Amino acid sequence: MASRLWGSRAASYLRISIKPSFNFYRPFSSVLKDLKYADTHEWVKVDGSSATVGITDHAQDHLGDVVYVELPEVGATVTKGDSFGAVESVKATSDVNSPVSGKVVEVNGELSSSPGLVNASPYEEGWIIKVEMSDPGEVSSLMGADQYTQFCEEEDNKH
């Protein structure tokens, strides 16, 4: 604590702003219970034969500030496990894979002008596509929240 206090005093003396790291206060990214997760860090929310897809909080946290989201066309066909777009951050560009197969019925156009929604609200406002699933049974092969949390912890421990 003393070194942190000293750092704050030094920063104020040198007129440097210190931005607190919110990751320090939350030990792990949020994982929502009612979603399913792919091992490539996409989430899917199923409503009948419709599925909303985005990248997880864990993924956006590792990517850093998202600056661009490549969206597919409405009407495009997506295949489970295959890339349908990309997310570009200040650190890297990462493919976004579809956790389900089907036809894209809607894309989140807000992401074109506000790609940071993927960081700020990965499970609500930062969704990427909506798919009319061709095989709703594919969802059963995805991970639940507890399984995905364990998967992320094991993956992070490898690095």
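Numerical summary
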read-out: Residues of region 141-159 satisfying the condition of being part of a loop (DSSP other than H, G, I, E, B) and under 18 Å from the mean Cα position of the chain (by Cα); value: LEU142, GLY144
read-out: Within region 71-90, tally of residues that are closer than 16 Å to ASN119 by Cβ and assigned to a loop (DSSP other than H, G, I, E, B); value: 1
read-out: From VAL104, VAL96, residue being out of contact with any Lys or Arg (no Cβ under 8 Å at 6 or more places or on another chain), part of a strand (DSSP E or B), closer than 19 Å to SER50 by Cβ and not aromatic (Phe, Trp, Tyr); value: VAL96
read-out: Residue count, region 35-70 (criterion: buried (at least 19 other Cβ atoms within 10 Å of the Cβ) and in a loop (DSSP other than H, G, I, E, B)); value: 4
read-out: Cβ-Cβ under 6 Å pairs, at least 6 apart or on other chains, region 50-70 side touching a residue at least 60 places away in the same chain (Cβ under 8 Å), far side in a strand (DSSP E or B) and among the aliphatic types (A, V, I, L, M); value: ALA51/VAL44; ALA51/VAL131; ALA51/MET133; VAL53/VAL44; VAL53/ILE129
read-out: Residues (crowded, with 20+ Cβ neighbours inside 10 Å and touching a residue at least 40 places away in the same chain (Cβ under 8 Å)) located in region 88-107; value: VAL96, ASN97, SER98, PRO99, VAL100, GLY102
read-out: Residues satisfying the stated conditions in region 81-129, i.e. over 13 Å from the mean Cα position of the chain (by Cα), under 17 Å from ASP61 (Cβ atoms) and of a type in the set (A, V, I, L, M, F, W, C); value: VAL90, ALA92
read-out: Criterion violated by GLU124 - all others in (1) part of a helix (DSSP H, G or I); (2) surrounded by fewer than 15 Cβ atoms within 10 Å (Cβ to Cβ) satisfied; value: (1)
read-out: Failed item, numbered, when GLU138 is tested on (1) outside any helix (DSSP H, G or I); (2) under 24 Å from SER49 (Cα atoms); (3) not hydrophobic (A, V, I, L, M, F, W, C); value: (1)
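Bear in mind these aren't lab numbers, they're just calculated from the coordinates by the rules spelled out. Since the model is a prediction, treat every value here as computed from it, not as a measurement. No Cβ is skipped: glycine too gets one built from the backbone with ideal geometry, and neighbour counts run over all protein chains shown.
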